[in-house]
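See structure below.
The values are calculated or read from the model by the stated rules, or taken from the named source; none is laboratory data. Not measured: the values here are computed from a predicted model. Positions of Cβ are generated from backbone atoms using ideal geometry, with glycine treated the same way; all protein chains shown enter the neighbour counts.
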Amino acid sequence: MSAGVDEQEQANPGVQRGPGNDLRLVSLSKQFGAFTAVNDLTLTVPAGSFFALLGPSGCGKTTTLRMVAGLEAPTAGDIFLGGQDVTRLRPYKRPVNTVFQNYALFPHLSVAENVAFGLKRRGRKKVDAEVARLLDLVELGDRGRRRPQELSGGQQQRVALARALINEPEVLLLDEPLGALDLKLRRQMQIELKRIQTEVGLTFVHVTHDQEEAMTMADTVAVMNAGVIEQMGPPGELYDNPATTFVANFLGQSNLVAGHVTRMRDDLVEVDVEGTTVLASRTRSHADSGAVWVGVRPEKVFLDSSGQTRDHGINVVRAGRICDVSYTGVSTQYLVRMPWGQELTVFEQNTGARELFRVGACVDLGWRAEHTFVLDAAQDAHAGVEYEDLGT
Amino acid sequence: MTATLVRAGRWVTGHLVMFVALLVLFYMFLPIMVVVLMSFDDTADVAYQFNGFTLANWSDPCSSYGMCDAVAKSLQIGLLATVGATLLGTLMAFAMARHHFRGRSIANVGIFLPMASPEIVMGSSLLALFVSAGFAGQLGFATILIAHIMFCLSFVVVAVKARLSGMDNGLEQAAMDLYANEWQTFWRVTFPLVFPGIVGAALLAFSLSFDDYIITNLVAGQSQTFPMYVWGVSRREIPPQINVIGTAMLLVSILVVVMAEVVRRGRNRA
């Protein structure tokens, strides 16, 4: 082995470091043979933000990440970091580091040597203090001499994180880094990741298929489907105001009912749903005429016994019949069969204010106009549904 | 009484696997024990009979005429063939495991052929090749070396390729992601991970080369390797010094295995 020989050829990241370097993808496309993995993607990740690329498997999110890392060459389009075009730079010339899904820790090196790898390749001689600081940050200060394979999955994940963070990259890419962990550990690591991101202030781009993970951690979520971004924004905005049926179904659950727009008022849209007029605010209407999907989130709906509707609902649809009750402790999930045959979902907190409805009970459904969203009926009402069930 | 018998019976059936294992080990090591024992025999004869104990064979193994020259030749050829076959074979294994090229599947089959074909066939065809190429007068060290590199190569390729295909190339991507260029990635990540496979392949190549008689005998001309020497003298009488060499080889291999194990354990503890 030629120890020392390679030390002379220090990799030299080609981009000036410093704050304020946004990551910009411009018309980025990637094709594998006839398959289009990423299709004309344009987006900006602001410096210092926690950005989540959310989508089902095969939607192109990991490919996008790998193109940013330089491990995949785009078929078309450009990648900018700050002002500089990094599209054609070799991976080791980019101030970008990745936490891989399977961690990809070097089995022949100790934990500390793994963490020191990036610094040493850039010609730093004294790395011990820095390595110790990073291992402390991920709470593995006493494991530096171990081999990665002697650590648990959660610990390996943190080594992978420390190994990437130590280089203080402009952008840290996280490729489903929590996918292999069990639920409890994953929740713990989500909080941890968010804490570290806030502490070090780097730009994180996090790829995941777990909508809850994306929403709890990210400042901005981009929902990706079939190689394109369906919608992008802060988690709350995406959840409350989905622009497509895919987003409505993939991010949480939605009740989508067919209707058609009857009238536009100043800031409200009137939609006829099976003979009942339903109001929606115009800011949440993504279609303004003709056939539409009227949507409402299950937890935004109130249930009342038929004929006893109180005034908390502006929109009321009547004469539903409870056909399934599932009690989950903190809440109860009802399936309500409507007179037109569709089953709607309602989540109710178990506040104890009223007894649970039983199967067969006749109920009215009420919800506020501002919780209603209107989507173009040209889309499939079930887009994104099956993925939601797979996600955890 | 019956209870004792039953208990004894249980003990025997419970340890049956161990008994069988010991028997098998005994069966495997008995011939080697004979070699070790005979290295202390004081007279040369054909019968492999222990006549009396002496340390003379060990203090002067080269006293048997021509043997040490043969051993030296075998060691030279073995080392050179190992270096040549390991170098070429490792490069071939990388090419075949990492790259897709026209004729890769044919190459994959081709590499198995020398392992599958009988040595006598390979030996005679090599001899025919050398003779028809005009080397009939110069058979010797060089032709033996060429032949040995040839038949060791397949084993090296197969061993290294197995190691490579078990390796995640995500590790190399991770290295590139962590600012290691192609050269650094190879020496810092790929090579250390494939190294155990290469060492294993080299050891295998050396023992194959040191051991070979059939092919060597056909392409050796006037040269004599250790196996050829043993065959030659064994028809008259077997000098006990041969057993000294045999025992020394055994000790060296045990030493190598023990050292490898010590290194492995030390590394795991660190």
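For segment B:130-148, taking the residues that are surrounded by fewer than 17 Cβ atoms within 10 Å (Cβ to Cβ) and touching a Phe, Trp or Tyr at 6+ places or on another chain (Cβ under 9 Å), the one that is farthest from B:GLY78 (Cα to Cα) is identified as B:ALA136. Can we say B:ALA201 is at the interface with chain A (Cβ under 10 Å from one of its Cβ atoms), among the small types (Gly, Ala, Ser) and crowded, with 22+ Cβ neighbours inside 10 Å? No, not satisfied.
Within segment A:1-45, being surrounded by fewer than 13 Cβ atoms within 10 Å (Cβ to Cβ), within 21 Å of A:PRO169 (Cβ to Cβ) and at pLDDT 90 or above holds for no residue.
Counting only helices (runs of 4 or more DSSP H) wholly contained in segment B:48-155, the ones carrying 3 or more residues that are assigned by TED's automatic domain parsing to the domain that holds B:PHE206 and either over 23 Å from B:VAL233 (Cα atoms) or at pLDDT 95 or above (or both) occupy B:67-98, B:104-116, B:119-132. Can you find a residue in segment A:190-204 that is outside any helix (DSSP H, G or I), under 30 Å from A:GLY82 (Cα atoms) and either outside the structural domain of A:PHE106 (by TED's automatic domain parsing) or within 17 Å of the chain's Cα centre (by Cα) (or both)? Yes. Please verify whether segment B:173-192 includes one or more residues that are closer than 23 Å to B:TRP58 by Cα, assigned by TED's automatic domain parsing to the domain that holds B:LEU127 and surrounded by 19 or more Cβ atoms within 10 Å (Cβ to Cβ). No, segment B:173-192 has no match at all.
Looking only at residues in segment B:169-181 that are of a type outside the set (A, V, I, L, M, F, W, C) and facing chain A (nearest Cβ under 7 Å), the one that is farthest from A:GLU170 (Cα to Cα) is B:GLY170. Within the bounds of segment B:156-164, is there any residue that is assigned to a loop (DSSP other than H, G, I, E, B), among the hydrophobic types (A, V, I, L, M, F, W, C) and more than 27 Å from B:ILE245 (Cβ to Cβ)? No.
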